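Student: I'd like to ask some things about the structure below.
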Amino acid sequence: MIFNIPFIAVAALILIGLYAVIFKRNLIKMVIGITLIESGVNLFLITLGYREGSIAPIYTSSPGGIMALPVPQALTLTSIVIGVAVLALMLSLVIHIYRHYGTLDVRKIGGPEE
Amino acid sequence: MNVADLIALLLQHSPALIVAVPLLGAFITPLISRLNDKVRNVFVILTLGLTASLVFLLASDVFTGNIHTYIFGSQDLALPVVRILFEVDAMSAFMAIISVILSLVAVIYSWSFMKENTGLDKYYTLILLMTAGMLGMELTGDLFNFFVFLEITSISSAALVAFWTNKAKSVEAGFKYIVISTIGALFILFSIALFYGQYNALNMAMIASAIQYTFLDKIALVLLIAALAMKAGVVPMHMWLPDAYGKAPSSVTLILVGATQASLYGVFRVCFTIYGGAINLTPISVGWILVILGIITMLLGVAMAIIQTDFKRLIAFGAVAEIGYILLGIGTGLVVMLNPEMTATGLAAMKGGIFHIMNDALDVGLLFLVAGAIYYATKETSLNKLGGLARNMKYTTVFFIIGLLAISGMPPMNGFASKLLIYESTYQLNPILSIIAILSSIMLLAVFVKVFHAAFLGPALPKFENVKEVPKSMLIAMGTIATIIIIFGLFPELIINNIVEPAANALVNYGDYIREVIPSFAGGV
């Protein structure tokens, strides 16, 4: 692979995601940051299973040659499904927070006990 | 087929059934809920009762020294990664017992406690899912499977923390919890990918037998310990825990204690089993890190507990402090693990730490249930507004005294037995450690005596004139835990010899766990 570009992309995605979660003040942007980290980890898994010039691992119609490793792809699929569930739950909680406070700015949410 | 054959068959398939029964029960619950509310409650209690009896059946066999494996997928062990393996040793069984007891008690408590809420079909579904997730985390022998069950647990527990969506603070706590859990889980997935890239294996035993302790393994170790410790609420990553514990319904908090400890189990499994072979290189540093984290957790937990005025938030900081004792005990075990002169000390520290996992769950759980009972009776959680409740709620007062004595390690209760083991063994390692541990216990006692005075003693307040004792199901739930606490406190040797010692040995003799899957593995004590 040219200059290990996928691995650089993995590092970039995870770091941008962490930056968004830690420094952004808007809840929706924090959620976006988490999905970015998740994409980075998924890309890392897929890249581990890829070999240059390999084909899809379908044994019955294989023209020969090396195949990509199927296990990381199965792991990624599972991880994507879990990610969708987490994303849906987080967004529904964000909706509830917006209903209570009328804002998504973390500095205005919370405050003293009710 | 006679009964003995049936039991043998159940025993053989119990690792799968323990996860499958609550998982299937979870999705049948909404259907049964359409019939009748009482039928649903009975169904959920029966489902968890069946799970509990399966756990006890499996545990009774595992504690005699057998390790159970259960293979989903290809039976041919020579083929790599075409199976998921459940592997149950004494430590897994010990944790499964704690989780299942907590869930069962929480469901009994919910019968009255949650009666006035709507959406209870979803509530019970989530509780069963969370139980299935915790049990899966504890029984699985596969790292990716561990990640999946961890996510099941965190999604359902975050939804349960935010169950009272009409309260802004609960929703906020739920959001905080899901953000923390997801980031932690993604780091765990990243380190699983690091292992898979190097060793072409997802099975814990296979990774443990092949581990080389390369630079990438060190990164994976840091990520795994940090993520799991964050989920376990270890200081300085505890900021979500008081919110989540304090704002969730009390019955949910009880199960959350179990979920936190399932993450702690993950830390110990990673340190002792996966890095067991490599631990020869750096047992001291990893062990000392756990000890120092434990000390900080303890001190900060009690220090923060002193200044709280909210009943449940105060107990939550007490729970943070208790986690410190567990880390201190097991960390001490790890530090002296390879020192032949201190084997007895190490084993005593491990026994103390592991016994304290169970005691922490029971003591903190009982206090949370009492806090929930007071909230149920008075709709009040602020200590400044409570007072004189001992006049109206005599059983609840007795249960609170039992919980208070147990959490601060007073002699007739179970907390004393495990804390004494921890004090004695850490004194051998370094006297300062045990002094700090004893000091934290005394401060915990001071904190909870203050709570006792504020909530139960004092003049009768006119607004609480009509407060009545809580309904029977809540008294039964609290009474069950209180009874277990007293029995453990009176006969600690019975528990330590039969349950705790096999669990401690299972962690120390990590070679047996690996040899169950890779018979040719030669390492291990």
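Student: Could you list, ordered by first residue, the pairs with Cβ atoms under 8 Å in which the first is in the stretch B:164-175 and touching a residue at least 40 places away in the same chain (Cβ under 8 Å) and more than 9 Å from residue B:243 (Cβ to Cβ) and the second is among the hydroxyl-bearing types (Ser, Thr, Tyr) and in a helix (DSSP H, G or I), at least 6 apart or interchain?
Tutor: B:164/B:170
Student: Right, something else. Does residue B:319 meet the test of being within 14 Å of another protein chain (Cβ to nearest Cβ), open to solvent by less than 10 Å² (accessible area, probe 1.4 Å) and over 30 Å from residue B:522 (Cβ atoms)?
Tutor: Against the criterion (within 14 Å of another protein chain (Cβ to nearest Cβ), open to solvent by less than 10 Å² (accessible area, probe 1.4 Å) and over 30 Å from residue B:522 (Cβ atoms)), residue B:319 does not qualify.
Student: Which pairs do you get when a residue that is under 14 Å from residue B:91 (Cα atoms) and of a type in the set (D, E, K, R), found in the stretch B:491-507, comes within reach of a residue that is open to solvent by 20 Å² or more (accessible area, probe 1.4 Å) and modelled with pLDDT of 90 or more, reach meaning Cβ atoms under 7 angstrom, with the pair 6+ apart or on two chains?
Tutor: Matching pairs, first to second residue: B:501/B:351.
Okay, residues lined up against (1) of a type in the set (Phe, Trp, Tyr); (2) within 19 Å of residue B:45 (Cβ to Cβ); (3) assigned to a loop (DSSP other than H, G, I, E, B):
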| site | (1), (2), (3) |
| --- | --- |
| B:111 | yes, yes, no |
| B:121 | no, yes, no |
| B:131 | no, yes, no |
| B:134 | no, yes, no |
| B:148 | no, no, no |
| B:155 | no, no, no |
| B:165 | no, no, yes |
| B:173 | no, no, no |
| B:176 | no, no, no |
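Student: Oh, and also: Is there a residue being of a type in the set (Lys, Arg), more than 17 Å from the chain's Cα centre (by Cα) and surrounded by fewer than 20 Cβ atoms within 10 Å (Cβ to Cβ) anywhere in the stretch B:301-312?
Tutor: The answer is no; no qualifying residue exists.
Student: Also, I was wondering about something else. Kindly establish whether residue B:195 is open to solvent by 10 Å² or more (accessible area, probe 1.4 Å) and more than 7 Å from chain A (Cβ to nearest Cβ).
Tutor: no
Student: Could you list all residues from the stretch B:179-192 that are more than 7 Å from chain A (Cβ to nearest Cβ) and of a type in the set (Val, Ile, Thr)?
Tutor: Of everything in the stretch B:179-192, those that are more than 7 Å from chain A (Cβ to nearest Cβ) and of a type in the set (Val, Ile, Thr) turn out to be B:180, B:188, B:192.
Student: Right, next: Do you know which residues across the stretch B:169-178 are facing another protein chain (nearest Cβ under 7 Å), of a type outside the set (Asp, Glu) and more than 20 Å from residue B:116 (Cβ to Cβ)?
Tutor: If the condition is that a residue be facing another protein chain (nearest Cβ under 7 Å), of a type outside the set (Asp, Glu) and more than 20 Å from residue B:116 (Cβ to Cβ), then B:174, B:175, B:178 are the ones that fit.
Student: Can you give me the number of residues within the stretch B:151-168 that are at the interface with chain A (Cβ under 7 Å from one of its Cβ atoms) and of a type in the set (D, E, K, R)?
Tutor: The total comes to 1.
Student: Only one of these is of a type in the set (Asp, Glu), under 23 Å from residue B:315 (Cα atoms) and surrounded by fewer than 19 Cβ atoms within 10 Å (Cβ to Cβ): B:465, B:469. Name it.
Tutor: Answer to the selection: B:469.
Student: Report the residue count in the stretch B:130-150 for those that are at the interface with chain A (Cβ under 10 Å from one of its Cβ atoms) and open to solvent by less than 10 Å² (accessible area, probe 1.4 Å).
Tutor: The qualifying residues number 2.
Student: How many residues are part of a helix (DSSP H, G or I) and either within 8 Å of another protein chain (Cβ to nearest Cβ) or touching a residue at least 40 places away in the same chain (Cβ under 8 Å) (or both) if we restrict to the stretch B:204-224?
Tutor: Adding up the residues that qualify gives 9.
Student: Sticking with this one: What number of residues within the stretch B:508-525 are over 19 Å from residue B:92 (Cα atoms) and open to solvent by less than 20 Å² (accessible area, probe 1.4 Å)?
Tutor: Summing the residues that are over 19 Å from residue B:92 (Cα atoms) and open to solvent by less than 20 Å² (accessible area, probe 1.4 Å) in the stretch B:508-525 gives 0.
Student: Does residue B:244 satisfy the condition of being within 14 Å of chain A (Cβ to nearest Cβ), touching a Leu at 6+ places or on another chain (Cβ under 7 Å) and either farther than 16 Å from residue B:140 by Cβ or open to solvent by 20 Å² or more (accessible area, probe 1.4 Å) (or both)?
Tutor: Yes.
Student: Does the stretch B:79-87 include one or more residues that are free of Cβ contacts under 8 Å to residues at least 12 places away in the same chain, open to solvent by 70 Å² or more (accessible area, probe 1.4 Å) and in a loop (DSSP other than H, G, I, E, B)?
Tutor: yes
Student: In addition: Within 23 Å of residue B:191 (Cα to Cα), open to solvent by less than 70 Å² (accessible area, probe 1.4 Å) and in contact with a helix residue (DSSP H, G or I) (Cβ under 7 Å, 6 or more places away or on another chain): is that true of residue A:48 in this structure?
Tutor: Against the criterion (within 23 Å of residue B:191 (Cα to Cα), open to solvent by less than 70 Å² (accessible area, probe 1.4 Å) and in contact with a helix residue (DSSP H, G or I) (Cβ under 7 Å, 6 or more places away or on another chain)), residue A:48 qualifies.
Student: Of the conditions (1) touching a residue at least 12 places away in the same chain (Cβ under 8 Å); (2) open to solvent by 10 Å² or more (accessible area, probe 1.4 Å); (3) not in a helix (DSSP H, G or I), residue B:201 clears all except one; give me its number.
Tutor: Going through the list (1) touching a residue at least 12 places away in the same chain (Cβ under 8 Å); (2) open to solvent by 10 Å² or more (accessible area, probe 1.4 Å); (3) not in a helix (DSSP H, G or I), residue B:201 breaks only (2).
Student: Please specify each residue of the stretch B:474-507 satisfying the condition of being farther than 23 Å from residue B:326 by Cα and either open to solvent by less than 70 Å² (accessible area, probe 1.4 Å) or at pLDDT below 90 (or both).
Tutor: B:474, B:475, B:477, B:478, B:479, B:480, listed by residue number.
Student: Could you go through the stretch B:100-119 and let me know if any residue there is surrounded by 20 or more Cβ atoms within 10 Å (Cβ to Cβ) and touching an Asp or Glu at 6+ places or on another chain (Cβ under 8 Å).
Tutor: no
Student: How many residues are under 16 Å from residue B:326 (Cβ atoms) and either surrounded by 24 or more Cβ atoms within 10 Å (Cβ to Cβ) or of a type in the set (D, E, K, R) (or both) if we restrict to the stretch B:215-237?
Tutor: So the count comes out to 6.
The values are calculated or read from the model by the stated rules, or taken from the named source; none is laboratory data. Bear in mind that the values here come from a model prediction, so they are computed numbers and not experimental data. Don't worry about glycine lacking a Cβ; one is built from the backbone with ideal geometry, like all the others, and counts go over all protein chains shown. What goes into the accessible areas is simple: the full protein's heavy atoms, side chains included, and nothing from ligands, DNA or RNA. Shrake-Rupley method; radii C 1.70, N 1.55, O 1.52, S 1.80 Å.
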